[in-house]
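The values are calculated or read from the model by the stated rules, or taken from the named source; none is laboratory data. Fair warning: this is a prediction, and the values are worked out from it, not measured in the lab. Note that we place each Cβ from the backbone using ideal geometry, even for glycine, and neighbour counts take in every protein chain shown. Remember, those area values only see protein heavy atoms, side chains included, never the ligands or the DNA or RNA. Shrake-Rupley method; radii C 1.70, N 1.55, O 1.52, S 1.80 Å.
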Amino acid sequence: MRNIKRVLPVLTFLVLCPIFCTAQAPAKVMSASISGRVTIGGKGAAGVTVVATVSNSFFDNKTVAKTGTDEDGNYKLTGLTAGRLTILPIAKAYRVASGAVYKEPGQSVNVAEGEAISKIDFALVRGGVITGRITDAQGHPLISEKVSVVLKDSTSDAGPQMGMPGSSRNQTDDRGVYRIYGLGPGSYKVSVGQASSSGSAVSIMGIGGSQYTKTFYPSVQEEAKATILEVKEGSEIKDVDISVGKLSTGFAVSGRVVDADSGNAVPAVYIGHSTMNDSTQQMGPMNFTGNQTDANGAFRLEGLRPGRYAVYTFAAGQAKSSYSEPVPFDISDGDVTGIEIKVRQGATISGVAQIENNSDPAVASLLQTVSLYAYVEQKGVAAPSYGQSQVGPDGSFHMEGLAPGKARIGMQGFPNAPKGLTLVRTEVDGLDQREGIEVTAGAKITGVRLLFVYGTGSVRGEVKIQNGRLPEGASFGVIIRSTSGASRRFERQATLDGRLHFVVEEVPAGTYELVIRMAAGAELLEQPVTVANGVETKVTLVLDLAAKKGDPQ
């Protein structure tokens, strides 16, 4: 069994980010309300629970209000504070009708202080059901095995379609039987078991998962041969049975990590691996097992299915002054041995971080909570190259182990970045580095200055569409960004709800432009806006579909 301590550094690197508050924010006024109606078949649905949730981060999603519908399906949530809320009806076997304004389980609503919002309605339909039995090669039932149901063109689990069923919803019972309900109309694939470890962006192996090779209905391992199931409103598809094959033990790859110049073994470095596309020779997402080299530089990865891969070193929550190039290899029907990964001296980037025009010590201390990263964009087939650093009490930072390429520096924001702080400019010896910092092999880059701004302003508004309707399926977003030629680079996506109301918070004082940007990339409107710290600026964007390009709006 793998030692869980091996996994902790990467969890720290990928997940943890310091959170710091300079002062307690004033309590928000709980004076807003949201009301609407829940219907099934055009009639009011009584007794449906409706909740309002707020998500401060991936790990902080909580219910702030709850109520039930009356005999006519009406509901009203009161005592709400300003902010972005998700309104969600809890009806496990149902989902939002495809003909409604929203097709997702919940509606996101931007709520202003004291606002009374009405007509946040939900039309529900009974979801479809897929049920069947999972057995092993001898016909024995597989108990508590997770069954995955995904849309035909999707790679992510369909998950709960309505409400919040228990965690056993997608698992088999003591007979190997599963029953997944609340599915929206569509074309689905059903599978069980765990795919090759190359299937996710960052795979932490050895934690949970299935011991069987991923198998699709009707008991095939090739995804292209999976039977597509057509689910209709209220339908039930039975006997979707899958028989899995042998345990997914896979094969192993082993080798050593050595210094490219001296040939000496390199101990205690982490190993990552990716699949490689035969036709494009491009590497897939990184997989991380928590494996490190031993005192002799040796490593061993297990559980890999046949295919073409590349293996490399990776810094995960540890100081590292070197990097490696990926080493490709093929697995067909046995273990692979004798892999040699050569590490080279990486480049370093060091400098100072500052907050522009700030004299508040409490705000200045925010920099000490900042975790920086540098991501190097490389040419050709290359292993991921990252650097990381905390900002010291004097504002200094230092990153090392970077491969040659263009390094872009950013602030880690997961789960939460320091509130109100934004990195707006990167300089080297006073010169702006808009396209990233050019890094050469083993370079020692100094004189880097990271300029941050602190903002407490906000912009709240709405979009009004005149003289026409957008084409079917067209969608757009609202962004706020620095004006052309500004020394700062500030751009942020507004949170836009179904009423076309939007809000952007933590904006530094200054003049910006609000932009309506279509999903395809076209920009239909630019409107200037001036923001002051501590002030909410209200605007209305009027999108005139009859106006010709270049006409004032």
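Data table
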quantity: Matching option when the condition is surrounded by 13 or more Cβ atoms within 10 Å (Cβ to Cβ), of a type outside the set (S, T, N, Q) and in contact with a Leu (Cβ under 8 Å, 6 or more places away or on another chain), among Phe251, Phe288, Phe329, Phe299; calculated: Phe251
quantity: Residue count for segment 107-126, restricted to those that are farther than 19 Å from Val463 by Cα and in a strand (DSSP E or B); calculated: 5
quantity: Filtered residue count, segment 463-495, keeping only those that are surrounded by 15 or more Cβ atoms within 10 Å (Cβ to Cβ), modelled with pLDDT under 90 and within 21 Å of the chain's Cα centre (by Cα); calculated: 1
quantity: Residue match in segment 534-547 (condition: in a strand (DSSP E or B), touching a residue at least 40 places away in the same chain (Cβ under 8 Å), open to solvent by 50 Å² or more (accessible area, probe 1.4 Å) and acidic (Asp, Glu)); calculated: yes
quantity: Selection count where residues are in contact with a helix residue (DSSP H, G or I) (Cβ under 8 Å, 6 or more places away or on another chain), modelled with pLDDT under 90 and part of a strand (DSSP E or B), scope segment 203-223; calculated: 2
quantity: Members of segment 448-462 that are among the aromatic types (Phe, Trp, Tyr) and either in a loop (DSSP other than H, G, I, E, B) or open to solvent by 10 Å² or more (accessible area, probe 1.4 Å) (or both); calculated: Tyr454
quantity: Leading residue by the ranking (modelled with the highest pLDDT) among those in segment 302-317 that are open to solvent by 10 Å² or more (accessible area, probe 1.4 Å) and assigned to a loop (DSSP other than H, G, I, E, B); calculated: Pro306
quantity: Among (1) of a type in the set (S, T, N, Q); (2) crowded, with 21+ Cβ neighbours inside 10 Å; (3) at pLDDT below 90, the one test that Thr172 misses; calculated: (3)
quantity: For Ala116: the one exception among (1) closer than 30 Å to Gly193 by Cα; (2) at pLDDT 95 or above; calculated: (1)
quantity: Answer residue from segment 423-442, given it is aliphatic (A, V, I, L, M) and open to solvent by less than 30 Å² (accessible area, probe 1.4 Å) and is farthest from Gln354 (Cα to Cα) among those; calculated: Val439
quantity: Single residue of segment 485-509 satisfying the filter (among the polar types (S, T, N, Q) and in contact (Cβ under 8 Å) with a residue 24 or more places away in the chain) that is farthest from Gly436 (Cα to Cα); calculated: Thr495
quantity: Gly521 vs. criteria at pLDDT below 90 and open to solvent by less than 50 Å² (accessible area, probe 1.4 Å); calculated: yes
quantity: Residues of segment 322-366 satisfying the condition of being closer than 27 Å to Met276 by Cβ, within 29 Å of the chain's Cα centre (by Cα) and hydroxyl-bearing (Ser, Thr, Tyr); calculated: Ser322, Tyr323, Ser324
quantity: Filtered residue count, segment 76-92, keeping only those that are farther than 22 Å from Val29 by Cβ and either at pLDDT 95 or above or in contact with a helix residue (DSSP H, G or I) (Cβ under 9 Å, 6 or more places away or on another chain) (or both); calculated: 1
quantity: Complete set of residues in segment 496-507 that are among the charged types (D, E, K, R) and either under 20 Å from the mean Cα position of the chain (by Cα) or assigned to a strand (DSSP E or B) (or both); calculated: Asp497, Glu505, Glu506
quantity: Counted residues, segment 224-246 - those being surrounded by 13 or more Cβ atoms within 10 Å (Cβ to Cβ) and either touching a helix residue (DSSP H, G or I) at 6+ places or on another chain (Cβ under 6 Å) or closer than 23 Å to Gly307 by Cα (or both); calculated: 3
